[in-house]
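The values are calculated or read from the model by the stated rules, or taken from the named source; none is laboratory data. Source: prediction; values computed, not measured. Cβ coordinates were reconstructed from backbone atoms using ideal geometry, including for glycine residues, and neighbour counts include every protein chain displayed. Just so you know, the surface numbers come from the protein's heavy atoms only, side chains and all, with ligands and any DNA or RNA stripped out. Shrake-Rupley method; radii C 1.70, N 1.55, O 1.52, S 1.80 Å.
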Amino acid sequence: MLLSLAAFSVISVVSYLILALLSVTISFRVYKSVIQAVQKSEEGHPFKAYLDVDITLSSEAFHNYVNAAMVHINRALKLIIRLFLVEDLVDSLKLAVFMWLMTYVGAVFNGITLLILAELLIFSVPIIYEKYKTQIDHYVGIARDQTKSIVEKIQAKLPGIAKKKAE
C-alpha cells in the first residue's frame, strides 16, 4: 500500500482499495447465490450475520471517547503553547534544532519514502536489538552520558538557566 501511495495519489489508492473490496464481496455474494440456486438450498444471504451486528455507538460511549481525546488534545495544546511561547528556553531551542534538522530530511525524502523507511525500521530494529542488546545498550549509555554532560555545559553558559536551577 505504501508503494502504491508513492506512485499514485491518496484518492486513487483509496478508490482502488474500495473497488477491490467491493469486487471480492460482490463476487462472493453472486457465487453463493449461484450455489444456492443450483443446490436449491435456502441458506440466505452469506453476510447475514455481519449485517445483523449492531454497530451503533451510544451517546455515552461517544462522550467517553471524546473526553479521552480532549485530555490528549489539551495536553498537546499546552505543550505547543509552552514551546512556542518559550516557557523553557532549552526545550524551545531543542524544538528549533529538531525542526531545522527536519528541513534537511524533508529536502532529501518525501513523506511516503519516510513511511516506507519507518515500516522497515519497525520490523527490523527489534530483531537487531534482540541480537546485539548488550553492545547497543553499552553504546547508548556512552552517548547518553556524553549528551548529558554537553547539555549541562550549555545550560551552565546560558543566562537565566543557572538562576532557574538554583531556585
*Starting from residues that are open to solvent by 100 Å² or more (accessible area, probe 1.4 Å) and at pLDDT 85 or above, keep the ones in the range 41-51 and report whichever is farthest from the chain's Cα centre (by Cα).*
Lys48
*What number goes with the only condition from (1) at pLDDT below 80; (2) over 26 Å from Leu120 (Cα atoms) that Leu2 does not pass?*
(2)
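The rows are residues; the columns are (1) touching a residue at least 40 places away in the same chain (Cβ under 8 Å); (2) out of contact with any Leu (no Cβ under 8 Å at 6 or more places or on another chain); (3) farther than 30 Å from Pro159 by Cβ.
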{"position": "Lys48", "(1), (2), (3)": "no, yes, yes"}
{"position": "Asp54", "(1), (2), (3)": "no, yes, yes"}
{"position": "Phe62", "(1), (2), (3)": "no, yes, yes"}
{"position": "Ala68", "(1), (2), (3)": "no, yes, yes"}
{"position": "Leu77", "(1), (2), (3)": "no, yes, no"}
{"position": "Ile80", "(1), (2), (3)": "no, yes, no"}
{"position": "Leu89", "(1), (2), (3)": "yes, no, no"}
*What residue, among those in the range 152-166 that are at pLDDT below 70 and more than 36 Å from the chain's Cα centre (by Cα), is farthest from Ser92 (Cα to Cα)?*
Ala166
